[in-house]
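Asker: Before I ask anything, here is the structure I am working with.
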Amino acid sequence: MPESKPKVWAKLPMTPSELEEGSEKSAVHFGLMVRRGAKYGLRIRRDTYASISKVSSHWFPRQQDVARWEAESEIFEDADHKIYTDVWCELHQKDALENFDLNMERFEALSAREFDLALEMVVLSYPKMQEVIDLNDWVDGSVVYIMVLDQFKQAYVGIARSAGGMKKRIRQHWSSNKQFDRLLHGPVNESKISIDSFRALDTTQIFAMRIKSPEAMENQILESFPSKFVLNRIAGGTPQNSNELRWLENLKFLNDFLP
């Protein structure tokens, strides 16, 4: 086994005070200026992780699936199925925070040395893979990338092929936030925290490789990691059946209300 190469980006401590308070207001990170917003800071925080939003991000017309529409009626307070009930929101928030705590416990129990070696083996397996220093150098072309969150011993594998390139895609991860009704993807004790719930300073390393058709490579790289070290919720590439994925994601909603 080759010796671990030095990290360019210093690892950041994961302590309760860091997770709860995070005082940074701005930083230059991978060549980009990042600023905390009015609601979310520059690191993931439990107290803002599961802020309630009653607006559904899963809406679909009744005629698309009448049986599902009727089955989900109890979790909405309006006839159009666009606004969740307070009861559902409170239950979902409780489950999301329990899942957050379970994930943090799991991250803490992982071996940093084992994670470093797994990451090194993956990166060294692809000679064209480069460590990213400045995202301004990655504004075009098709790219497969690895975002590394050292303090959580996690990696996320993604692709970028649209205008703005990887720079735009990673900034989207940092600036977006997973919708409240999508925080869980599966059972409470199994769901992974979405990469979009982490903030800019949680990303401590980035590796990337330019490639014409990144979808197949994305899956190949993803499968090279032990599953306990990756944040990806589904396999890479374009989902073949988005309706099926949506149905699976929504099963948690029904389980809360149906006998």
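The values are calculated or read from the model by the stated rules, or taken from the named source; none is laboratory data. If you're wondering where the values come from, they're calculated on a predicted model, not measured in any experiment. We place every Cβ from the backbone using ideal geometry, glycine too, and count neighbours over all the protein chains shown.
Asker: Mind listing whichever residues of the range 143-189 are over 21 Å from SER213 (Cα atoms) and β-branched (Val, Ile, Thr)?
Answerer: Scanning the range 143-189 gives VAL148, VAL188.
Asker: Let me ask something else about it. So the check is Cβ under 6 Å with 6+ separation or different chains; which pairs have a first residue in the range 152-172 that's without any contact (Cβ under 8 Å) to a residue 60 or more places away in the chain and at negative phi and a second one that's basic (Lys, Arg) and assigned to a helix (DSSP H, G or I)?
Answerer: Close Cβ pairs satisfying both conditions: ALA160/ARG169.
Asker: Taking the residues in the range 87-107 that are under 16 Å from the mean Cα position of the chain (by Cα) and hydrophobic (A, V, I, L, M, F, W, C) as candidates, determine which candidate is surrounded by the most Cβ atoms within 10 Å (Cβ to Cβ).
Answerer: It comes out as ALA96.
Asker: Which of (1) under 15 Å from the mean Cα position of the chain (by Cα); (2) β-branched (Val, Ile, Thr); (3) at pLDDT below 95 is the odd one out, the single condition ILE170 does not satisfy?
Answerer: (3)
Asker: Right, another one. Scanning for something modelled with pLDDT of 75 or more, closer than 16 Å to PHE198 by Cβ and either touching a Cys at 6+ places or on another chain (Cβ under 6 Å) or assigned to a loop (DSSP other than H, G, I, E, B) (or both), does the range 46-54 turn up at least one residue?
Answerer: Residues of the range 46-54 modelled with pLDDT of 75 or more: 46-54.
From what is left, the residues that are closer than 16 Å to PHE198 by Cβ are 46-51.
Now restrict to residues that are either touching a Cys at 6+ places or on another chain (Cβ under 6 Å) or assigned to a loop (DSSP other than H, G, I, E, B) (or both): 50-51.
Within the range 46-54 (the criterion being modelled with pLDDT of 75 or more, closer than 16 Å to PHE198 by Cβ and either touching a Cys at 6+ places or on another chain (Cβ under 6 Å) or assigned to a loop (DSSP other than H, G, I, E, B) (or both)), the answer is yes, since at least one residue qualifies.
Asker: Limited to the range 171-225, what total is found for residues that are among the basic types (Lys, Arg) and part of a loop (DSSP other than H, G, I, E, B)?
Answerer: Start the filter on the range 171-225 by keeping residues that are among the basic types (Lys, Arg), which leaves 171, 178, 182, 192, 199, 210, 212.
Filter once more, keeping what is part of a loop (DSSP other than H, G, I, E, B): 178, 192, 199, 212.
The qualifying residues number 4.
Asker: Tell me which residues, restricted to the range 77-115, are of a type outside the set (A, V, I, L, M, F, W, C) and closer than 22 Å to GLU218 by Cβ. So that I can check it myself, show each step before the final result.
Answerer: Of all residues in the range 77-115, those of a type outside the set (A, V, I, L, M, F, W, C) come to 77-78, 80-82, 84-86, 90, 92-95, 98-99, 101, 103, 105-106, 108, 111, 113-114.
If the condition is that a residue be of a type outside the set (A, V, I, L, M, F, W, C) and closer than 22 Å to GLU218 by Cβ, then no residue fits.
Asker: Restricting attention to the range 111-129, and to residues there that are assigned to a helix (DSSP H, G or I) and in contact with a helix residue (DSSP H, G or I) (Cβ under 6 Å, 6 or more places away or on another chain), which single residue is nearest to TYR145 (Cα to Cα)? Spell out how you get there, then give the answer.
Answerer: Step one: list which residues in the range 111-129 are assigned to a helix (DSSP H, G or I), which gives 112-124.
Subset that is in contact with a helix residue (DSSP H, G or I) (Cβ under 6 Å, 6 or more places away or on another chain): 115, 118, 122.
Values: PHE115: 17, ALA118: 16, VAL122: 12 Å.
Across the range 111-129, the extreme among qualifying residues is VAL122.
Asker: Filter the range 26-58 down to the residues that are touching a strand residue (DSSP E or B) at 6+ places or on another chain (Cβ under 7 Å) and either closer than 30 Å to ALA79 by Cα or surrounded by fewer than 16 Cβ atoms within 10 Å (Cβ to Cβ) (or both) and list them by number.
Answerer: Within the range 26-58, SER26, ALA27, MET33, ARG35, LYS54, VAL55, SER56 qualify.
Every residue, every condition in (1) over 30 Å from ALA27 (Cβ atoms); (2) modelled with pLDDT of 95 or more, yes or no:
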position: SER175; (1), (2): no, no
position: LYS178; (1), (2): no, no
position: ASP181; (1), (2): yes, yes
position: SER194; (1), (2): no, yes
position: ALA216; (1), (2): yes, no
position: THR238; (1), (2): yes, no
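Asker: Another question, if that's okay. Do you know which residues across the range 218-227 are surrounded by 12 or more Cβ atoms within 10 Å (Cβ to Cβ) and either more than 19 Å from the chain's Cα centre (by Cα) or polar (S, T, N, Q) (or both)?
Answerer: Scanning the range 218-227 gives ASN219, GLN220, SER224.
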